[in-house]
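Below: one structure, written as structure tokens.
The values are calculated or read from the model by the stated rules, or taken from the named source; none is laboratory data. No experiment lies behind these values; they were computed from the predicted model shown. As a convention, Cβ positions derive from the backbone with ideal geometry for all residues, glycine included, and neighbour counts pool all protein chains shown. To get the accessible areas, we keep the full protein, side chains included, count just its heavy atoms, and leave off ligands, DNA and RNA. Shrake-Rupley method; radii C 1.70, N 1.55, O 1.52, S 1.80 Å.
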Amino acid sequence: MRVIYFDHSATTPVNPVVADEMYNFLTGDNFGNPSSLYRFGRMAREAIEGARNNIALAIGANPSQPGEIVFTSGGTESDNLAIHGAAYANRSRGNHIITSAVEHHAVLNTVKALGQQGFKITILPVDQYGMVDVRDVAEAITDQTILITIMHANNEVGTIMPIAEIGKLAQKRGITFHVDAVQSFGKIPVNVDELRVDLLTISGHKIYGPKGTGALYIRTGAGWKQSLLHGGAQERLRRAGTENVPGIVGLGKAVELIMENMEQESKRLSILRDKLIKELTSNFKGVKLTGHPYQRLPNHASFLFEDMEGEELQFQLDAQNIAASTGSACTSGSMEPSHVLLAMGVPPAEAYGSLRLTLGAGNSNDDVDRFLAVMGSIIENPDETIEYFKSCGLPKGI
Ligand SMILES: *Cc1c(COP(=O)(O)O)cnc(C)c1O
């Protein structure tokens with residue numbers, strides 16, 4: 001049976017057109033080092049600059065300022081580079097960093113690491129929908145604030161943050177603003193001028209590109225000339241090391257392809273998303289939507305199951321060839337509930353019942369119907385669930 005893949009927020013399959021494009025730079029004569037001045041090198045350099053141009057156009061950056069796009073090894077590195085770079089470049093002006101409690105760990109743990117190095121950290125709360133309140137950002141700003149880092153859309157619950165309003169605030173106060181747009185980019189419009197963003201993170205493997213690729217947008221004037229990695233002068237001193245040419249080419253192609261079809265595809269997926277939300281919350285007992293009811297990603301549906309544990313659901317769905325994810329993981333009898341759900345005020349015992357369904361290019365209405373039928377049979381057959389709860393040592397009664 002074909003596997004129904006409902007976990008596009010975790011990663012996406014590489015678009016075959018992207019793979020073909022990459023193959024051209026893994027074989028034949030396109031192996032040159034982009035720093036070399038002879039023809040092979042120039043060909044690699046040209047391909048990299050083409051990818052840079054695609055990204056600049058896609059996020060509304062100025063393509064005549066190619067230095068604003070830095071290629072990295074992914075969303076995690078882009079977040080690290082943005083936060084470390086901005087923090088140290090602005091250290092003489094202050095030491096205060098603002099972020100939110102629902103950020104991806106690539107942001108949250110980077111900010112916390114800076115906290116250990118003497119920076120002052122404010123972690124803003126969110127409301128029951130996982131949304132940051134702009135007034136909380138305004139209140140947190142001090143004379144010492146040098147960086148605000150807030151994600152565009154949340155990976156676990158799909159909530160879209162009021163980035164343009166926060167950007168306006170940051171701009172007015174002259175504070176560098178970083179946005180992790182890994183989940184939003186390619187699904188909803190992302191424009192660095194409209195959102196007033198200084199630093200923006202994207203990742204290749206969330207948009208049908210290769211894993212281990214990403215980019216950081218660095219607005220001219222908000223930048224710095226320092227690499228996390230010490231080495232050569234690549235990427236205008238922002239990222240040392242010979243460029244990952246096939247990866248960059250793949251990322252550039254993935255960006256081009258996803259932008260061509262974004263509006264239409266998001267509309268198509270939002271219809272499937274709405275069907276999932278409607279059917280699960282109205283036809284199944286004890287199922288609640290998590291995240292914002294309408295300020296959410298077009299492909300994202302996430303839930304709490306009162307009487308089920310998320311990982312148990314994940315296993316049972318897997319047995320039926322459906323790949324979906326949960327925010328918590330039961331390993332050796334102990335579980336860490338999702339920091340996102342906890343920040344939204346979900347009690348720890350309830351947070352274990354989370355299930356995330358994130359749709360993408362391969363999904364159709366038939367997939368949604370088969371999923372709903374499978375869910376029906378899982379819920380009607382709770383015996384194995386009880387066994388599982390015992391084995392995981394969970395405090396929750398069913
Ligand atoms: C996946 C993800 C990342 C990390 O990106 P990688 O390319 O996997 O390192 C960062 N932020 C968000 C919101 C993500 O969903």
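Within the range 157-176, count every residue that is touching a Leu at 6+ places or on another chain (Cβ under 7 Å) and within 16 Å of the ligand (Cβ to nearest atom).
3
Can you give me the number of residues within the range 220-244 that are closer than 12 Å to LEU199 by Cβ and touching a strand residue (DSSP E or B) at 6+ places or on another chain (Cβ under 7 Å)?
2
Could you list, in sequence order, all residues of the range 107-139 that are of a type outside the set (D, E, K, R) and assigned to a loop (DSSP other than H, G, I, E, B)?
Quick first cut of the range 107-139, residues of a type outside the set (D, E, K, R) only: 107-111, 113-119, 121-126, 128-132, 134, 137-138.
Scanning the range 107-139 gives GLN117, GLY118, PHE119, PRO125, VAL126, GLN128, TYR129, GLY130, MET131, VAL132.
Looking at this structure, is TYR5 surrounded by 21 or more Cβ atoms within 10 Å (Cβ to Cβ) and aromatic (Phe, Trp, Tyr)?
Numbers: surrounded by 21 or more Cβ atoms within 10 Å (Cβ to Cβ): yes; aromatic (Phe, Trp, Tyr): yes.
Spelling it out, TYR5 is indeed surrounded by 21 or more Cβ atoms within 10 Å (Cβ to Cβ) and aromatic (Phe, Trp, Tyr).
Out of everything in the range 222-232 that is more than 16 Å from the ligand (Cβ to nearest atom) and open to solvent by less than 80 Å² (accessible area, probe 1.4 Å), what residue ends up being farthest from PRO246 (Cα to Cα)?
As a first pass, look at the range 222-232 and keep what is more than 16 Å from the ligand (Cβ to nearest atom): 222-227, 230-232.
Now restrict to residues that are open to solvent by less than 80 Å² (accessible area, probe 1.4 Å): 222-224, 227, 231-232.
Numbers: ALA222: 29, GLY223: 27, TRP224: 27, SER227: 22, GLY231: 21, GLY232: 19 Å.
Among them, the one singled out is ALA222.
Look through the range 167-215, keep the residues that are more than 30 Å from ARG93 (Cα to Cα) and hydroxyl-bearing (Ser, Thr, Tyr), and return whichever of them is most open to solvent (accessible area, probe 1.4 Å). Step through it out loud before you land on a result.
Of the range 167-215, the ones more than 30 Å from ARG93 (Cα to Cα) are 183-189, 203-213.
Checking the rest, the ones that are also hydroxyl-bearing (Ser, Thr, Tyr) come to 184, 203, 208, 213.
Working: SER184: 0, SER203: 6, TYR208: 44, THR213: 6 Å².
Across the range 167-215, the extreme among qualifying residues is TYR208.
I want to confirm something. Restricting to the range 298-323 and keeping residues that are closer than 19 Å to THR11 by Cβ and crowded, with 24+ Cβ neighbours inside 10 Å, which single residue is modelled with the lowest pLDDT? Reasoning before the result, please.
Start the filter on the range 298-323 by keeping residues that are closer than 19 Å to THR11 by Cβ, which leaves 298-302, 310-311, 314, 317-318, 321-323.
Checking which are crowded, with 24+ Cβ neighbours inside 10 Å leaves us with 299-302, 310.
Details: ASN299: 98, HIS300: 98, ALA301: 98, SER302: 97, GLY310: 85.
So, considering only residues that are closer than 19 Å to THR11 by Cβ and crowded, with 24+ Cβ neighbours inside 10 Å, the one modelled with the lowest pLDDT is GLY310.
Which ones in the range 117-132 are open to solvent by less than 70 Å² (accessible area, probe 1.4 Å), farther than 21 Å from SER302 by Cα and touching a helix residue (DSSP H, G or I) at 6+ places or on another chain (Cβ under 9 Å)?
Filtering the range 117-132 for residues open to solvent by less than 70 Å² (accessible area, probe 1.4 Å) gives 118-119, 121-122, 124, 126-127, 130-132.
Next, from what is left, pick out any that are farther than 21 Å from SER302 by Cα: 118-119, 121-122, 124.
Those that are open to solvent by less than 70 Å² (accessible area, probe 1.4 Å), farther than 21 Å from SER302 by Cα and touching a helix residue (DSSP H, G or I) at 6+ places or on another chain (Cβ under 9 Å): PHE119, ILE121, THR122, LEU124.
Give the range 210-221 a look and list any residue that's more than 16 Å from the ligand (Cβ to nearest atom) and basic (Lys, Arg), or say none. Give the derivation first.
To start, the set of residues in the range 210-221 that are more than 16 Å from the ligand (Cβ to nearest atom) comprises 218-221.
The answer is ARG219, and nothing else.
So for the range 183-203 (the condition being more than 16 Å from the ligand (Cβ to nearest atom), touching a Ser or Thr at 6+ places or on another chain (Cβ under 9 Å) and at pLDDT below 95), does at least one residue qualify? Let's see the steps before the verdict.
Let us first name the residues in the range 183-203 that are more than 16 Å from the ligand (Cβ to nearest atom), namely 189, 191-194, 196, 198.
Those left that are additionally touching a Ser or Thr at 6+ places or on another chain (Cβ under 9 Å): 198.
Okay, now just the ones that are also at pLDDT below 95, so none.
No, there is no match, as no residue in the range 183-203 is more than 16 Å from the ligand (Cβ to nearest atom), touching a Ser or Thr at 6+ places or on another chain (Cβ under 9 Å) and at pLDDT below 95.
Counting just the residues of the range 284-297 that are open to solvent by 60 Å² or more (accessible area, probe 1.4 Å) and either β-branched (Val, Ile, Thr) or not in a strand (DSSP E or B) (or both), which one comes out modelled with the lowest pLDDT? Full working, then the answer.
Narrowing the range 284-297 to residues open to solvent by 60 Å² or more (accessible area, probe 1.4 Å): 285, 288, 293-295.
Now drop any that are not either β-branched (Val, Ile, Thr) or not in a strand (DSSP E or B) (or both), which leaves 285, 293-295.
Numbers: LYS285: 89, PRO293: 97, TYR294: 97, GLN295: 98.
Top of the filtered list is LYS285.
Could you tell me which of the residues ASN53, ASN33 is open to solvent by 40 Å² or more (accessible area, probe 1.4 Å) and closer than 28 Å to VAL179 by Cα?
Values: ASN33 fails: closer than 28 Å to VAL179 by Cα.
Criteria check complete, one pass: ASN53.
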